[in-house]
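Encoded as structure tokens, the structure appears first; notes follow it.
The values are calculated or read from the model by the stated rules, or taken from the named source; none is laboratory data. Not measured: the values here are computed from a predicted model. Glycine gets a Cβ as well: all are built from the backbone with ideal geometry, and neighbour counts include every protein chain shown. Keep in mind that these areas ignore ligands, DNA and RNA; they rest on the heavy atoms of the full protein, side chains included. Shrake-Rupley method; radii C 1.70, N 1.55, O 1.52, S 1.80 Å.
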Amino acid sequence: MPEVERKSKITASRKLMLKSLMLAKAKECWEQEHEEREAEKRRYLAERIPTLQTRGLSLSALQDLCRELHAKVEVVDEERYDIEAKCLHNTREIKDLKLKVLDLRGKFKRPPLRRVRVSADAMLRALLGSKHKVSMDLRANLKSVKKEDTEKERPVEVGDWRKNVEAMSGMEGRKKMFDAAKSPTSQ
């Protein structure tokens, strides 16, 4: 059954226009999502970090403010360190569990396949079992080729290549080549 080529129902220009529209819409959605993320980030930072009022504060008040800020930074660093330690512990645990799953599933390495020469009779016997009674001699139908014929067709002349180069150099060589090419056609 010949394969029938299916033609597209949409023309190439229509496809291109649709593709450009889809890309424009995707770009618009991406930009909107990016703006929303930036607005969320600004809102979160404004909520978490109040503006500092340092005008009109005395030296002792500024020192107290610095001590408070340093204490907050230490608390945040401790939290960050704890979260990183938990994350590292979880990734190690996930890696160990994956290895256990692979061991339980029994991951077997596939052996390299080797080419096996099996006769057609042996293959049919293996597939059909005792039902196989017909022997197939596939080599009987092949055409035999005589090696002697092929050797006669291609006579090989081995000679000294330097003599050939010297003989063909110059205008005499070109004339010999021209005469040699001319002679078989005249026969």
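The requirement of being loosely packed, with under 10 Cβ neighbours inside 10 Å, among the basic types (Lys, Arg) and over 31 Å from the mean Cα position of the chain (by Cα) is fulfilled somewhere in segment 51-63, by at least one residue.
Of all residues in segment 100-129 being within 28 Å of the chain's Cα centre (by Cα) and surrounded by 10 or more Cβ atoms within 10 Å (Cβ to Cβ), which is modelled with the highest pLDDT? If we take residues in segment 100-129 being within 28 Å of the chain's Cα centre (by Cα) and surrounded by 10 or more Cβ atoms within 10 Å (Cβ to Cβ), then Val101 is modelled with the highest pLDDT.
Taken as a whole, the condition of being at pLDDT 95 or above, outside the structural domain of Lys72 (by the TED database) and open to solvent by 100 Å² or more (accessible area, probe 1.4 Å) applies to Glu36.
Every residue in segment 31-61 that is among the hydroxyl-bearing types (Ser, Thr, Tyr), closer than 25 Å to Val76 by Cβ and not in a helix (DSSP H, G or I), please. If the condition is that a residue be among the hydroxyl-bearing types (Ser, Thr, Tyr), closer than 25 Å to Val76 by Cβ and not in a helix (DSSP H, G or I), then Thr51, Thr54 are the ones that fit.
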